[in-house]
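The values are calculated or read from the model by the stated rules, or taken from the named source; none is laboratory data. Every value quoted in this text rests on a predicted model; they were computed, and no experiment measured them. Neighbour counts run over all protein chains shown; Cβ positions are idealised from the backbone, glycine included.
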Amino acid sequence: MKRFFREKKGNNSAFTVIEMLVVIGITAVIAGMLLGFNRSSEKTIALATERERVMSLLGRARSLALQRKNPGSGFACGYGVSFSGSSVALFGIYRGDSSIVTDCIALEASKTDSTIETFALEKGATTTGVTRIYFSAPYLNTTFFTPSPGTFPAIISISIPGIGSSKIEITAGGSISQKNL
């Protein structure tokens, strides 16, 4: 009988150069995709973090207004949050000890305020929509300002370029929630 197959000489089970290049190429493509996904995830997390920081500050202003707490001198008329691009500030409006509660209306109209805390949004985040929200004591009347006062609910949009935006909704009663699109 004739043999049609050659006999193997030694153990020849190594990979060829072509097989190694194919494996390295596939690995590089997968690593590149994961790296790109990781960068967009980082920005998405940053957007959610900034939204939560703003919601927390709004909640703090609302809480201070309900407590009528005053970290400075005088009595609190109310507290608010102002938005300016990538800067967010908590402010208070106060009346003097000898003033009566109705003096708050004049103070609110003149927008004289005392800044309590300011922070900058990170990762290139900016706000649009409402420029100023004010919670007045003691009944938690909520007022917001854009270039001119509008109707409720008020919407604050926080956005990061290349990712999108996240929205916060504030109702006339002072309820603060994430707006689902």
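For beta carbons closer than 9 Å, sequence separation of 6+ or different chains, a first residue in region 154-166 that is under 15 Å from Glu122 (Cβ atoms) and a second that is in a strand (DSSP E or B) and of a type in the set (Lys, Arg), the qualifying pairs are Ile158/Lys167; Ser166/Lys179. Close Cβ contacts (under 7 Å, 6 or more residues apart or on different chains) running from residues in region 39-68 that are under 15 Å from Ala89 (Cα atoms) and modelled with pLDDT under 85 to residues that are aromatic (Phe, Trp, Tyr) and loosely packed, with under 13 Cβ neighbours inside 10 Å are absent. Within region 95-144, the residues that satisfy the criterion of being of a type in the set (A, V, I, L, M, F, W, C), surrounded by 13 or more Cβ atoms within 10 Å (Cβ to Cβ) and either farther than 18 Å from Ser56 by Cβ or modelled with pLDDT of 70 or more (or both) are Cys104, Leu107, Ile116, Phe119, Leu121, Ala125, Val130, Ile133, Phe135, Ala137, Phe144. Scan region 145-157 for residues that are touching a Phe, Trp or Tyr at 6+ places or on another chain (Cβ under 9 Å) and at pLDDT 80 or above and the total you get is 2.
Listed by first and then second residue, the pairs with beta-carbon distance under 7 Å, at least 6 apart or on different chains, first residue in region 79-93 and under 18 Å from Glu122 (Cα atoms), second in a loop (DSSP other than H, G, I, E, B), are Ser82/Thr131; Phe83/Val130; Phe83/Thr131; Ser86/Leu121; Ser86/Ala125; Val88/Leu121.
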